[in-house]
Each structure stands twice: as structure tokens, then as C-alpha cells.
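First comes the structure, then the notes that go with it.
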């Protein structure tokens, strides 16, 4: 079955440490997204990529970095510069290269906590 | 900027009762609109979407939503709530070629 796989499901970060969240899709979608979800805040866009080797900052990109070397993969690194990283992180993908009427498909998320 | 407002962070209904979850959007042009559902510790699943055409949109699991341009609303309804409907629901929308904006979510509880 096609879908989006996020790993790990749970992740713990020590102070000063960078951690990388994995997101892989086999839907052949061009666009991929990273969102952060905090209780009562909805989803906030961190980064998005509409094509391989290209990505744009979303509303809350500070303290995060991404790469898009392959169509299937869009890893997110939470750097030590992100002072409040505890949250639920969701990866999504959609058909097409622009913001459009196509719905986004979501992975099951990674919950990041601080040790 | 586009915004999506969900009225009520928590809605509680009895099993078998009508479900009504409210969503209003602000946009100078008709947006694309979506409703998603999220179960605990899972990602979001698409319930339904409005793009253009018919203003009453039917989705999965018996849910439907009506796009009312005059009221800038896209409320989600289901005639009869089931225990399995308990989850968090998100409205999202955006004009064409702009990033999708999500509401803050409404948690639905279903009482037996």
C-alpha cells in the first residue's frame, strides 16, 4: 500500500543535540511538507518542498533544517537552536508542484521530547 | 492573510445526536477547503474537500459539509454521532497557490 512513513515514532533529544526525523513516501508525490503540532495550536508549517533539490521556509522555520535529495524523502533536522522542540511533528505530501486543491496525505507523526 | 477559525475547541454530543463542528474562513477569493480527522497519536485523515462546484460536499463516515460563501463558512455535520467519531477535527483552507492554513482544531467527545 502507498503511504507516508515517519520514523521514529518517539524521539528524545538532549540539550545541545541535533536530531533528524525521517519521512519517506511511496505515493510518487512531488510536494512534501513538515508541520509542527502543539496542543490547542493546530498545525504550523515548518518547511515545504515542491520539487527535488528545492524547499521553502514556512511560518516557523527557525531552528529547523531540511533537505530534498530524493523525491521520496524529506528529512527534518531539529537543531540545537530550536529552544522549544517538544512537539508532535507531522510530515505530509501531495500531488502537484504548487499549492492546489489536492489534499495532503499525512504520516503518523513523530513525538519529540527533551531529556 | 488567509485564516481559518474553528469555533469551539471542544464539542460534546450524545451518541445518536447531530454533530455540528463550525469553521469560518477569511479570504478575498473562494478558497479550497478541507476537513481532516485525527485520532490520538496518529496523522490526519481527509474527511472531505471543497474545491469548486457543488456547495454540499459529502465525505467519508457519513460526514458532510456545506460551503456558504455569504457566511464564509464551511461547517461539518453528521446526522447521528457514533462512539467511533470521537477524535479531533481540523478545518483547513487557502486560496489557490497559497500555503494551506489549518484551524486550531475541535475535539469531539461522544457520550454513550
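May I ask you to sort A:68, A:97, A:36, A:44 by Cβ crowding, counting other Cβ atoms within 10 Å and putting the fewest first? Let's see the in-between values first.
Values: A:68 19, A:97 13, A:36 24, A:44 16.
Going from least to most buried by this count: A:97, A:44, A:68, A:36.
Exposure proxy for B:83, A:32: other Cβ atoms within 10 Å of each Cβ, ordered fewest to most, give B:83, A:32.
Shown here: chain A, whose C-alpha atoms stretch 38, 29, 28 Å along the first, second and third principal axes, sorted largest to smallest. Each label was represented as a point 7 Å from its Cα along the Cα-to-Cβ direction; for residue B:69 and residue A:113 these points are 5.0 nm apart.
Give me the percent relative contact order of chain B, please, defined on Cα pairs under 8 angstrom at least 6 residues apart.
Details: 284 pairs, mean separation 42.7, N = 112.
Once normalised by length, the contact order is 38 percent.
Take the Cα coordinates of chain B, assign each an equal point scatterer, and use the Debye formula without solvent to give log10 I(q)/I(0) at q = 0.17, 0.19 Å⁻¹. These q points yield log10 I(q)/I(0) values of -0.75, -0.93.
Taken along its three principal axes, the alpha carbon spread of the protein assembly as shown comes to 49, 38, 35 Å, from the longest extent down to the shortest.
What order do you get for A:60, A:46, B:60, A:4 when you list them from fewest to most C-beta neighbours inside 10 Å?
Details: A:60 15, A:46 26, B:60 10, A:4 23.
Lowest count first: B:60, A:60, A:4, A:46.
Contact order for chain A, expressed relative to its length and based on alpha carbon pairs under 8 Å spaced 6+ residues apart, stands at 35 percent. Of interest is the spacing of the C-alpha centroids, which for the range B:51-67 and the range A:72-115 amounts to 27 Å. Of A:73, A:65, A:100, the residue with the greatest mean-square motion in the GNM of chain A, using alpha carbon springs below 10 Å, is A:100.
Since every read-out is calculated from the coordinates, none of them should be taken as a lab result. Predicted, not measured: the structure shown is a model, and the values here were computed from it. Reconstructed Cβ throughout: ideal geometry from the backbone, glycine too, with neighbour counts over all protein chains shown.
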